[in-house]
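Colleague: Input: one structure, supplied below.
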Amino acid sequence: MIEILPDHSDRFVRLVGPETDEVVEAMDEFGTENPPDWVERFPEADEFPTVGPAVGGWLQMLTELTGAKRVFEFGSGFGYSAYWFARGLPSDGEIVLTEVDEDELEMAREFLSRGGVDEVARYELGDAFETFERYDGPFDIVLLDHENDRYREAFEVVRGKLADGGVVVAENVMQAPSLEFDQLLRGLSDGDCPASANEHTVGIFEYLDAVREDPAFETTALPLGGGITVSQKTCE
Ligand SMILES: C[S@@+](CC[C@H](N)C(=O)[O-])C[C@H]1O[C@@H](n2cnc3c(N)ncnc32)[C@H](O)[C@@H]1O
């Protein structure tokens with residue numbers, strides 16, 4: 001797995017901001033102490049893969065800067081990213097959390113209530129795709145942080161229910177336990193993913209290819225957390 005930021009830059013980012021609170025600190029501690037079961041397959045990943053504080057702070061700011069009122073998450077875990085979004089939403093806003101793991105979703109409910117942002121949250125147990133289908137659009141922000149090899153599929157369904165000016169954020173586009181970064185980089189510069197790349201890498205490549213090729217979207221990458229892309233729908 002690549003290191004996205006050199007140590008000194010990583011320290012800098014952590015020291016500068018964002019402002020945390022006791023709920024974020026409790027969530028950070030919970031994530032460190034509660035790695036998911038699948039983490040055993042990846043010795044280098046020893047904690048729950050939240051977006052982390054740097055991306056979290058950015059998600060809150062993105063919500064505030066865009067005046068977003070409705071947010072949808074594909075893969076909410078125990079509510080880390082959702083909590084940051086919720087901090088940026090107005091009191092009549094809405095964030096839909098989706099999670100296939102019941103215990104994680106319960107923890108999300110607990111943390112968001114503790115942080116006093118529970119009234120904007122909708123907790124949906126089950127497959128994010130099925131939940132998304134049940135909700136009417138438009139959404140202002142959608143976070144993709146579920147199965148990385150299904151990001152493209154998610155983009156296809158999301159784009160029709162995204163507000164004009166709405167944003168799709170995808171996490172772990174640069175770093176994840178089985179992502180082959182060199183293969184991804186080669187694919188992006190050649191315009192075609194190497195045949196030897198694994199499923200995960202092909203999934204991220206196909207997602208990036210789809211958002212970059214879509215004339216209705218503008219995309220930028222931010223090397224924070226697991227590496228995120230921010231794709232804004234600028235026209236239809
Ligand atoms: C990387 S974690 C999410 C982290 C979360 N966004 C955060 O910042 O803490 C991915 C989560 O997506 C969930 N997940 C995977 N596929 C899903 C699906 N199709 N629908 C809903 N949740 C899914 C997993 O159970 C896991 O908890």
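Colleague: Work out how much length E199 to L5 would gain on full extension: take 0.36 nm times their residue separation and subtract the Cα-Cα distance, in nm to one decimal. Please list the in-between numbers first.
Modeller: On the way: separation 194, 0.36 × 194 = 69.84 nm, distance 2.51 nm.
Computed gain between E199 and L5 is 67.3 nm.
Colleague: If you bin the C-alpha pair distances of segment 103-156 every 5 Å from 0, what whole percents do you get?
Modeller: 4, 14, 23, 25, 21, 11, 3
Colleague: Here is a further query. Can you give the three extents of the C-alpha atoms in segment 23-180 along their principal axes, from longest to shortest, in whole Å?
Modeller: Extents along the principal axes, in whole Å: 42, 34, 27.
Colleague: Could you check how much of the accessible area of the chain is carbon and sulfur, as a whole percent, using a 1.4 Å probe? Intermediate results must be reported in sequence, preceding the final value.
Modeller: On the way: 5530 of 11490 Å².
Of all accessible area on the chain, carbon and sulfur atoms account for 48 percent.
Colleague: With a Cα-only, solvent-free Debye model of segment 148-198, what are the log10 I(q)/I(0) values at q = 0.15, 0.22 Å⁻¹?
Modeller: -0.54, -0.91
Colleague: Separate question: Using only the Cα atoms of segment 120-236, construct the convex hull and provide its projected area averaged over every direction, in square nanometres to one decimal.
Modeller: Working: hull surface 30.8 nm².
Value for segment 120-236: 7.7 nm².
Colleague: To continue, here is another question. Taking only DSSP H segments of four or more residues, each worth -39500 (n - 2.57), what value at 222 nm results for the chain once the sum is divided by all its residues, to the nearest 500 deg cm²/dmol? Working shown, then result.
Modeller: On the way: 9 runs with 99 residues, N = 236.
Calculated mean residue ellipticity at 222 nm is -12500 deg cm²/dmol.
The values are calculated or read from the model by the stated rules, or taken from the named source; none is laboratory data. Model, not experiment: these values are computed from the prediction. To get the accessible areas, we keep the full protein, side chains included, count just its heavy atoms, and leave off ligands, DNA and RNA. Shrake-Rupley method; radii C 1.70, N 1.55, O 1.52, S 1.80 Å.
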